[in-house]
1. Shape call for the range 152-203 from the C-alpha gyration tensor, a ≥ b ≥ c root eigenvalues: rounded (a/c under 1.5), prolate (a/b greater than b/c) or oblate?
2. Relative contact order for the range 151-281: what percent, with Cα pairs under 8 Å and sequence separation of 6 or more?
3. Using only the Cα atoms of the range 179-245, build the gyration tensor, take square roots of its eigenvalues as a ≥ b ≥ c, and label the shape rounded, prolate or oblate: rounded if a/c is under 1.5, else prolate if a/b is larger than b/c, else oblate.
4. Fewest first, what order do 181, 102, 3, 186 take by the number of other Cβ atoms within 10 Å?
5. Among 170, 262, 256, 197, which comes first, second and so on when ranked by fewest other beta-carbon atoms within 10 Å?
6. Assuming 0.36 nm per residue, please report the length gained on full extension of the stretch residue 278 to residue 304 beyond their Cα-Cα distance.
7. Under a plain spin-label model, where a point goes 7 Å from the Cα along Cα-to-Cβ, how far apart in nm are residue 76 and residue 166?
8. Can you tell me the length gained on complete extension of the stretch residue 189 to residue 125, counting 0.36 nm per residue apart and subtracting the Cα distance?
């Protein structure tokens, strides 16, 4: 239920102004005297008192009420829902993406890298309560985005990825180890790495299996995806006559990727086209989710109208009574 709080409670000190006003009014009433003096009130002692006699102080009380309500409005009343605990489902996920030159092969539309980026951003958009991060690797590896719940920022960083950002090569072990470093201090009950590559490990100081053993130590599950058709794939090559397509052999170290998945209690997938890649991400999307306790507080709403409108109505009513029923004779 909403509760009212005041952002400027110091304004309530203005209520002290009412005390001298009340004192002034009482003193004024005591000093007031009739303009017609008579020797005795005996003839009037049995006369009945009208409603004006009982309500003679109503105008002053209404004026005090108007002033009090205006002071309350100045104190910036606000309503907000109280803090509430809620349990949401979520996991910590880091995507480790291969951006080596071979990811420009066009067995996917428009190419492997762009297909991987498009499907991954759709995956990110659907994970409302997860913290997610992005690691990219080629001959080296770096963190494109640490774990975050800001999906818009993460998706924008995904769109900025291009092949050639890092020296060419395929350092699978280094990319996996970098992703592990992003997750090792996570307190989530479920920690996942999605490792996507289209080649064989040929660079880096850390072997893929060693990185997998490290991931296992920290309780991180790795889902590996080998991306590329079976056999050969068209690849754009610069020639004296411009860019031409050449068929190159698809070499994916499936044995190593399967071993990484097995060691970390994950799963290996092979994506041979855009549709298959999308289906793989949908399957990963059905991962078990760990429970995360969080607190939620609704935004504050200004509630000055609750006091300003009654003050206006009361002021108009007081003015009306003063000009009509309590109007003094000239």
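Every number in this text was worked out from the coordinates using simple rules, so none of it is lab data. Because the structure is a prediction, the values reported are computed rather than measured. Reconstructed Cβ throughout: ideal geometry from the backbone, glycine too, with neighbour counts over all protein chains shown.
1. Oblate is the answer for the range 152-203, as a/c is 1.5 or above yet b/c matches or exceeds a/b.
2. 24 percent
3. prolate
4. Listing 181, 102, 3, 186 from fewest to most nearby Cβ atoms yields 3, 181, 186, 102.
5. So the ranking, lowest neighbour count to highest, is 262, 256, 170, 197.
6. Answer, rounded to one decimal: 4.2 nm.
7. Simple spin-label model gives 4.8 nm for this pair.
8. Result: 20.9 nm gained on full extension.
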